[in-house]
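A.B. asks: This is the structure I want to talk about, given as structure tokens.
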Amino acid sequence: MSVKVEWPRNFLPKVVKSNLGGSGVSTVSIALEAWRRGLKVEIGPNGLRYFSISDGNRKIRFDAARPVSETNQEMIKKLARKNSVTSSLRAAGVATPSGLIVENPRELEDACDSMGYPVVLKPDTGSMGRGVFTNLNSLLEARIAFDEIRSLYPSKKVLLEKFIRGSDYRVLVVGTEVVGAVRRIPANIIGNGINTVRELIEIKNQNRKKNPFLASGKVKIDLEVKQCLDEQQLNLEAIPEKEQKVTLRKVANASAGGDVEDVTDQLSEPILEAAKNVMETYRGVHIAGIDFIIDSLSSAKPIYAVIEINTRPHIGVNMYPSIGRGRDVPSKIIDYFFPQSTAYSVGRYSSIKFDEQAILSFLRDGVAESVQLPAIPEHGFPCRRRIIFDFIELSESSKLPERILKKAAKASGISGSIKRTKTGQFELIIGAQNQQIMDEFMSQITGNSPVSFFSETAWSGPITVGFKIEQKNQLTEYSDSEVIVS
């Protein structure tokens, strides 16, 4: 089964890589949007998590998607405690599940008897669905979950909540505007009548590598997966029937292999109002991922509950769903904080990127505490080429003179990369202001050496500002077509 998805054209996978992790996707995409608008961006310290954006008058420091310099720190501490959050929201008229902290098995038993089953148990602090046990229908199940949480997180309090039936949604809000919403679906596979469960899991994991956000959230075969299969009278070697849905986990957690479906355009007015009320309750929080349980999404009177608020949300979940249209969240964030900055159209600038791996290397090696991104040339590299060539008299083991290449690129205002392919040829991907500058650069590379040109074609892929001599030995592949995920 093939599912057509659409991701923001300014942040396609060739620009935002799939090895960045959740926080890295947030940092790189927000920084890219600001940088492309001509704002000053400084990345660091401590890797790709921290960065700042300035327009010369105002400077905002970010911790991934959290604007730390603008966010009330006391509020962040309060929002980290889930039981405190739900109590505050209930007082403000926002629907939340009833809950309380349980300290020991006796308190757990009394609370479950009073609350009634089914229930949910989870750590009072934490994120990404870690240690969450839902739809517990007996004291035995609750005790097992309680002991597991205590074992995994001995220093954390345990929160018991009433289980709310419905689907799990993440609603992303910037200011008081809902800029994206997704339904989070527990990890599953769809049978084809040919492959085993184990093989289908591997196929799913391979397909997730195409997604910048979901790539790191693979389905790992563990006890929970085996128990879910056992409940469906299946095992890892079973062959599900064609179109048969096989559930692998009960909790909708994208980092553990769950799927994500965009539902932004389906939200009903009560849900939009509830999200706005949450942000008004916690003034001083400018960006938040609000987690809802909703029984019927588009109903005029949905039954819902707010279960958590994340002030450092992974915006990649809204940008790169596995089903539906991803939302351009970075532009909404920059519009909010820097409304006078000029947005760019999809085109040249949307495929210009910085080398995040080079920056990360500088920061990790202690060469610099932070790195300020260079300004993008106003021309946006309108002349872009991919050239395959070879030096007739250069031996395969010889190296190009790196110092001369980089010096020539900087002097010419050229950006791009060069590398040797498996066949021994050279692949040059470059962007320049015009063809004349590009020709002059090629002359400086080749000098008086005889050269064989195999191909020269227009390049529609990304251009990385600066010039890099890569060690890879395969040809670069790029397609700007829509993403198809199976």
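The values are calculated or read from the model by the stated rules, or taken from the named source; none is laboratory data. Because the structure is a prediction, the values reported are computed rather than measured. Glycine also receives a Cβ, built like all others from the backbone with ideal geometry; neighbour counts cover every protein chain displayed. Please note that ligands, DNA and RNA were not included when accessible areas were found on the heavy atoms of the full protein model with its side chains. Shrake-Rupley method; radii C 1.70, N 1.55, O 1.52, S 1.80 Å.
A.B. asks: Of the residues VAL85, VAL41, VAL28, only one is modelled with pLDDT of 90 or more, more than 19 Å from the chain's Cα centre (by Cα) and open to solvent by less than 10 Å² (accessible area, probe 1.4 Å); which?
C.D. replies: Exactly one of VAL85, VAL41, VAL28 is modelled with pLDDT of 90 or more, more than 19 Å from the chain's Cα centre (by Cα) and open to solvent by less than 10 Å² (accessible area, probe 1.4 Å), namely VAL41.
A.B. asks: Quick one: in segment 44-56, of everything that is under 15 Å from LEU363 (Cα atoms) and part of a loop (DSSP other than H, G, I, E, B), which residue is most open to solvent (accessible area, probe 1.4 Å)?
C.D. replies: By that ranking, first place goes to ASN46.
A.B. asks: Just wondering, is there one or more residues in segment 125-133 that are free of Cβ contacts under 8 Å to residues at least 24 places away in the same chain, under 30 Å from ASP365 (Cβ atoms) and open to solvent by 50 Å² or more (accessible area, probe 1.4 Å)?
C.D. replies: No, the conditions are met nowhere in segment 125-133.
A.B. asks: Let me ask you something else. Does ILE101 satisfy the criteria of being of a type in the set (A, V, I, L, M, F, W, C), surrounded by fewer than 19 Cβ atoms within 10 Å (Cβ to Cβ) and modelled with pLDDT of 90 or more? So that I can check it myself, show each step before the final result.
C.D. replies: Numbers: of a type in the set (A, V, I, L, M, F, W, C): yes; surrounded by fewer than 19 Cβ atoms within 10 Å (Cβ to Cβ): yes; modelled with pLDDT of 90 or more: yes.
Yes, satisfied.
A.B. asks: Within segment 279-292, is there a residue that is at pLDDT 90 or above, under 26 Å from GLY21 (Cα atoms), among the small types (Gly, Ala, Ser) and touching a strand residue (DSSP E or B) at 6+ places or on another chain (Cβ under 7 Å)?
C.D. replies: yes
A.B. asks: While we're here: Could you check GLY257 against (1) modelled with pLDDT of 95 or more; (2) within 17 Å of the chain's Cα centre (by Cα); (3) at positive phi and say which number it fails?
C.D. replies: (1)
A.B. asks: A further question on this structure: ALA254: over 29 Å from SER88 (Cβ atoms) and either in contact with a Gly (Cβ under 7 Å, 6 or more places away or on another chain) or not aliphatic (A, V, I, L, M) (or both), yes or no?
C.D. replies: Answer is no for this residue.
A.B. asks: For residues that are within 26 Å of the chain's Cα centre (by Cα), β-branched (Val, Ile, Thr) and over 19 Å from GLY166 (Cα atoms), tally how many sit in segment 180-206.
C.D. replies: Residues in segment 180-206 being within 26 Å of the chain's Cα centre (by Cα), β-branched (Val, Ile, Thr) and over 19 Å from GLY166 (Cα atoms): 4 in total.
A.B. asks: Something else now. With the structure loaded, tell me whether GLY38 is outside any helix (DSSP H, G or I), of a type outside the set (Val, Ile, Thr), in contact (Cβ under 8 Å) with a residue 40 or more places away in the chain and out of contact with any Pro (no Cβ under 8 Å at 6 or more places or on another chain) or whether it fails that test.
C.D. replies: When the stated conditions are applied, GLY38 passes them.
A.B. asks: Condition test on ILE290, is it buried (at least 24 other Cβ atoms within 10 Å of the Cβ) and over 14 Å from the mean Cα position of the chain (by Cα)?
C.D. replies: Yes; evaluated as a whole, the condition is true for this residue.
A.B. asks: Which of (1) touching a strand residue (DSSP E or B) at 6+ places or on another chain (Cβ under 7 Å); (2) modelled with pLDDT under 95; (3) open to solvent by 10 Å² or more (accessible area, probe 1.4 Å) does ARG61 not meet, given it meets every other one?
C.D. replies: Only one criterion is unmet by ARG61, namely (2).
A.B. asks: May I ask you to verify whether GLU261 is under 30 Å from LEU89 (Cα atoms) and either part of a helix (DSSP H, G or I) or open to solvent by 20 Å² or more (accessible area, probe 1.4 Å) (or both)?
C.D. replies: The answer is yes for GLU261.
A.B. asks: Of the residues ALA91, ALA95, which single one is open to solvent by 10 Å² or more (accessible area, probe 1.4 Å), within 26 Å of PRO302 (Cα to Cα) and free of Cβ contacts under 8 Å to residues at least 24 places away in the same chain?
C.D. replies: On the way: ALA95 fails: free of Cβ contacts under 8 Å to residues at least 24 places away in the same chain.
ALA91 is the lone residue from the list that is open to solvent by 10 Å² or more (accessible area, probe 1.4 Å), within 26 Å of PRO302 (Cα to Cα) and free of Cβ contacts under 8 Å to residues at least 24 places away in the same chain.
A.B. asks: Mind counting the residues in segment 91-110 that are closer than 11 Å to LEU159 by Cα and in contact with a Leu (Cβ under 9 Å, 6 or more places away or on another chain)?
C.D. replies: 5
A.B. asks: Shifting gears a bit: Across segment 419-451, which residue is farthest from GLY466 (Cα to Cα) among those that are surrounded by 19 or more Cβ atoms within 10 Å (Cβ to Cβ) and at pLDDT 90 or above?
C.D. replies: Among those that are surrounded by 19 or more Cβ atoms within 10 Å (Cβ to Cβ) and at pLDDT 90 or above, it is GLU427.
A.B. asks: Counting only residues that are out of contact with any Leu (no Cβ under 6 Å at 6 or more places or on another chain), surrounded by 15 or more Cβ atoms within 10 Å (Cβ to Cβ) and either in contact (Cβ under 8 Å) with a residue 40 or more places away in the chain or not in a helix (DSSP H, G or I) (or both), how many does segment 134-146 have?
C.D. replies: Residues meeting the conditions: 2.
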